Structures are given as structure tokens and as C-alpha cells.
Amino acid sequence: MVGSRTWFGGILYRSGLRRHGNEKFLEFQLTSFQEQRLQRLRDRCQVSFDETRSDHQESLKALWYAAFPNDRLTGLVSEQWKDMGWQGSNPSTDFRGCGFISLENLLFFARTYPVSFHKLLHKQDGKRAMWEYPFAVAGINVTYMLIQMLDLFSDKPRCISGVNFVKMLGEDEEAFDVLFCIAFEMMDGQWLAMNASYMQFNDVLQATRTQLERELSLDDMQRVQDLPAYNLLYK
């Protein structure tokens, strides 16, 4: 967990404590196929970012060039990273809050929905605040919020939104990654709707969680592409 010197660490801590009460436990039996996919997702969530691993280094470089294809990266530790919304010159310190899956999510977003990715990275929609949220760190917070919201480390889903997500995961192993992209778009929409600024990010993230849970609880949600907010994404 990132230290108290950062606003990022405070967001992770507070959002992790907020729980939705009075959620009725649902009897839901996972198929063996769903269990396998859910376990693979849990395994991904357990991988810490390791700046000494070459594959992690290459993923971080790939994210840079997906974001800024025409700008040469001078190093894995560089002031350039602040342009993407990392807190300092070394992005690896920001991954303490969530791990390698948050980098995977950002890279998936950049590669799968590049139009939406760049629109959010460069804050192209709406009237923006003087003190904007930092893009990359916000992405890590979105990943963390999804892990908490979906309660991924419970034996089985305990709410209808979790049940529907496992069904989606059974249909598409990239469901979590796509859901990240949807949630990021939702978060930016909430940011604009609330006319939010820097210190209100946690409230925006909570509103995003509430909206996403509502959509995940709708009837007939079999695929992540069935969510109404999926239409926010552009390739």
C-alpha cells in the first residue's frame, strides 16, 4: 500500500473500507469452467509488479509507446512518466497499491480501445477541472475498486453483480479487462458530471462503483458487452 504522503494511497485505503451493506447472499454454483477462469483471474491479482523482471519492464515500455508513440522514452525511471499521470519519475512505486494486473489493464485499454484511451489520457471531453486526476494513478485505483467490488477472493459471489460478472467471465476470459475500460470511462463521466476536482476523486470513484454495480445487477447480463455503459468505448 502506498504511503500516506500520497493522495493515491488514501484513496485506495478508504475505498477498500467502503462496503455495500445489506447484500443478500446468493446461492450460486459455479461451473468447473467458471471456477478455473475465476482462479486464473485471482492468480493475476496476486502478481506484484517487479521492476527487475524483463517482462514487466517490457509491458511498462509498451504502455508508454501506446500512450505516446512519437515520444522516445529515456528510461524506466524518468520525469517523462509524470506526463502519463504517475506520481513520480519511477512508476514502479505506484504499483504497490495493486500489482501487475493494473498495468495489464491499462495496456489492454490502450491496445483494445485506443480512441477511448487517448481521449481520457489527454482529457479531451467536457469542461475540465484546474486540478485534474492523474490518469495512470486513477487507472490503478479503478483496478483496485473492481477487485474490491467484485469480492474476487470470496469462495463464490455474494451479490447479484458478482454472480453476473462470473457469468461474463465464463463467456469471455477478458471480461475483467473490458470491465476496467468501461469503469474508467464511467469514472471520467462521473468526474465531469460532478464537476469534480483533485480532492473529490474518492467520491467520484464511489459513485462509479455504485453505477457499475447497478448495471451489473440488471437482468439478462450474460456478456460484458451487454452492459449499457459498454457503448461508451471506442476503438
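For trypsin sites (Lys or Arg not before Pro), the sites in region 93-148 that DSSP calls loop and that have at most 10 other Cβ atoms within 10 Å are Lys127. When you filter the chymotrypsin sites (Phe, Trp or Tyr not before Pro) in region 146-235 for DSSP loop state and at most 14 other Cβ atoms inside 10 Å of their Cβ, you are left with Phe153, Tyr234.
Each Lys and Arg contributes +1 and each Asp and Glu -1, all at the Cβ; summed about the Cα centre of region 151-235, the dipole is approximately 180 debye. Computed from the C-beta positions of Val115 and Arg223, the FRET efficiency with R₀ = 22 Å rounds to 0.55.
The number of Lys pairs in the chain with C-alpha atoms less than 14 Å apart, excluding pairs fewer than 8 positions apart on the same chain, is 4. Simple rule: put +1 on each Lys or Arg Cβ and -1 on each Asp or Glu Cβ in region 91-158, find the dipole, and look at Leu121, Tyr144, Ser92; the Cα lying farthest toward the positive end is Leu121.
Each Lys and Arg contributes +1 and each Asp and Glu -1, all at the Cβ; summed about the Cα centre of region 83-235, the dipole is approximately 360 debye. The Cα center of region 122-151 and the Cα center of region 159-198 differ in position by 12 Å.
Around the Cα centre of region 194-235, unit charges on the Cβ atoms of Lys, Arg, Asp and Glu (plus for the first two, minus for the last two) sum to a dipole of about 200 debye. For region 101-211, carbon and sulfur atoms together expose 51% of the accessible surface, with a 1.4 angstrom probe and every protein chain in place.
When you restrict to C-alpha pairs under 8 Å that are six or more residues apart and normalise by the size of the chain, the relative contact order lands at 24 percent. For region 49-153, the calculated P(r) over all alpha carbon pairs, in 5 Å bins from 0 to the bin holding the longest distance, is 2, 12, 23, 26, 20, 12, 4, 1, 0 percent.
The values are calculated or read from the model by the stated rules, or taken from the named source; none is laboratory data. Bear in mind that the values here come from a model prediction, so they are computed numbers and not experimental data. When we count neighbours, we look across all protein chains shown, and the Cβ atoms used for this are built from the backbone with ideal geometry, even at glycine. Side chains are part of the model used for accessible areas, which takes the heavy atoms of the whole protein and leaves out ligands, DNA and RNA. Shrake-Rupley method; radii C 1.70, N 1.55, O 1.52, S 1.80 Å.
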